[in-house]
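Undergrad: The structure follows.
Derivation of every value follows stated rules applied to the coordinates shown; laboratory data play no part. Quick caveat, the model's predicted, so the values are computed rather than measured. Quick reminder, even Gly has a Cβ in these numbers, built from the backbone with ideal geometry, and neighbours come from all protein chains shown.
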Amino acid sequence: MRPIRAADRVLLMIAIALAALHPVLASAAQLRDSTRIPVRLVGGITSETTQTGQTLTFVVMSDVIVDDTILIRKDTTVVGEVVKARRVHWGFTHRRPRLEFRFRYTTTVSGQVVSLRTSPVRQGDDRVSAQQGRSGHALLWTGGAILFDAYVDGDYEI
């Protein structure tokens, strides 16, 4: 067995010191359940033309940072879907328009898929109802100028 040289000892001590100063290298970041992610719809949807089941694209509005580490970057795509779309119906009976959607998932900087929901706490009716337009209007809509909050569904180690 050869003796450890002084230069090897110095390199080993530097490596240990750097690992102690940089805990991010030693452990993964935690993306916790209910972490808020501000998002914006790309384009727009209306109750007149949108179909139930239609895929929607959103983008993240600001970096999601945990312990000084960016886990989800601004402008990352968020996928959602329309869960209810109904045109107004005028006739013997009046049906009001409906437009509801939910968030499905996004990805982290490492490519890990993260499930999303529409509220900070889990609930059975996971959807956002478009509210643009007043009672009696024939059209509901939402678009890119309106911000929404999506929430992480579950805990993730990134």
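Undergrad: DSSP loop trypsin sites (Lys or Arg not before Pro) in the range 90-133 with at most 13 other Cβ atoms within 10 Å of their Cβ, which ones? Mind showing how you got there, number by number?
TA: Numbers: sites: R95, R98, R102, R104, R117, R122, R127; in loops: R122, R127.
Answer in residue order: R122.
Undergrad: OK, next. What number, in percent, do you get for the relative contact order of the range 29-157 if the mean sequence gap of Cα pairs under 8 Å and at least 6 apart is divided by its residue count? List each step's numbers first, then the result.
TA: Details: 331 pairs, mean separation 43.0, N = 129.
Relative contact order comes out at 33 percent.
Undergrad: For the range 29-157, with equal point scatterers placed on the C-alpha atoms only and solvent neglected, what are the log10 I(q)/I(0) values from the Debye formula at q = 0.20, 0.21, 0.22 1/Å, to two decimals?
TA: Result of the Debye calculation: -1.08, -1.16, -1.24.
Undergrad: So, one more: Collect residues whose amide H, placed 1.01 Å from N in the peptide plane, falls under 5 Å from the amide H of L140; neighbours closer than 5 in sequence don't count.
TA: Residues meeting the amide H criterion: S47, E48.
Undergrad: In sequence order, what are the phi-derived ³J(HN,Hα) couplings for the range 98-107 according to the Karplus relation 6.51 cos²θ - 1.76 cosθ + 1.60 with θ = phi - 60°, rounded to whole Hz, with x for glycine and proline?
TA: Using θ = phi - 60°, the values come out as 10, 8, 9, 9, 9, 8, 10, 6, 9, 10 Hz.
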